[in-house]
Amino acid sequence: MTNDIRAVVFDWAGTMVDFGSRAPIGAFAQAFAERGVDLHEHEILADMGRAKREHIVRLLERPEVAERWRMCTGSRWTSLDVDQLMIRLEPLMRSSIEMHGQLIPGACESVEALRSAGTKIGSTTGYTQAMMPPLLRTAADQGYVPDAVFCSDDAPLGRPAPFLIWKALLSLERWPIRQCVVVDDTCTGVEAGRAAGAWTVGCAISGALVGLTQSDWEALDGGEKSRRFYAARAALEASGADFVIETVAQLPAAIAEIRNRLLDGGMPGLPPADLIVTDKSQSDN
């Protein structure tokens, strides 16, 4: 059928696991703090989705962080500093990932619905291969085992380059790209999906753009939920998302609409992003 969804390629933190994408925050903060440099949470969240080495570089390139580094270390940062931070970050990330491996509600159900329709499940991440084993084990214990997993060091360039997505689809032997979907919570991930030529679905509430644990999100009043939700939605739309959902729990509705558009000859990346909500919006609660 021309409207079959051949494959869906999911991100990990903030999309399928780790509501709020919290695992990297503590790890990055500690790695820099050990060099005497304090990082603010919003600085860490700003470049979520990128390969972790590139994430370090982007942090150091921020003028305010670069100045803090110079003041605390007595010199400007160098590539050797990046190497040393990356060496320290990997064990910190493994520990943090293990503590933040809870599946986001609705993740398994969405995957089961896709697989029942013959869709293959791929995954990509800004984490390195060395960081992933504890997360793969924790996810498997909860019932989530994707058919393909590709990490930032599996390609010469990470997101927003499309290479990890293409590698996942190649390994799954799935094509054409117009019948494949990328699901991500970050602008960088959506940009990668768009560059790959796939349909893109952005998760607004559960990811780095809001950056709150599920309990912290639920503790917000309705007005603050709406403000944060629509800010995240706007960012994902600006990055080219075909659809914006609250969390992966709403993915089946987006997939149904993609199937409808395929039947009508639709292609990824043409209209403005659509908001998909299958039940009462969390942003209005």
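A short reminder: the numbers here are calculations on the coordinates, not readings from a lab. Small disclaimer: the values here were computed from a predicted structure and weren't measured. Counting neighbours? That spans all protein chains shown, and the Cβs are built from the backbone with ideal geometry, glycine included.
For the stretch 127-208, the direction-averaged projected area of the alpha-carbon convex hull comes to 5.6 nm².
Between R58 and A117, full extension at 0.36 nm per residue minus the direct alpha carbon distance yields a gain of 17.2 nm.
Relative contact order of the stretch 153-244: 27 percent, from C-alpha pairs under 8 Å at least 6 residues apart in sequence.
Charge tally for A231 (other residues, Cβ to Cβ under 12 Å; Lys, Arg +1; Asp, Glu -1): +2. Sequence-ordered 3J(HN,Hα) estimates for the stretch 196-209 from the Karplus curve with 6.51, -1.76 and 1.60 and θ = phi - 60° stand at 6, x, 8, 5, 10, 10, x, 9, 7, 8, 7, x, 5, 5 Hz, glycine and proline given as x. Rg then Dmax, both in Å and based on the Cα atoms of the chain: 18.5, 63. Karplus-based coupling profile of the stretch 254-267, in residue order and whole Hz: 5, 4, 4, 5, 4, 4, 4, 5, 4, 4, 8, x, x, 10, with θ = phi - 60° in 6.51 cos²θ - 1.76 cosθ + 1.60 and x standing for Gly or Pro.
What size of dipole, in debye to the nearest 20, comes out for the stretch 23-99 about its Cα centre when the only charges are +1 on Lys and Arg C-beta atoms and -1 on Asp and Glu C-beta atoms? Magnitude of the dipole: close to 160 debye. Exposure proxy ranking for D216, D184, D154, based on other Cβ atoms within 10 angstrom of each Cβ and starting from the fewest, stands as D216, D154, D184. Against the chain, whose longest principal axis comes from its Cα atoms, helix 79-99 is set at around 60 degrees. In a reduced charge model with +1 at each Lys and Arg Cβ and -1 at each Asp and Glu Cβ, the stretch 141-214 shows a dipole moment near 300 debye about its Cα centre.
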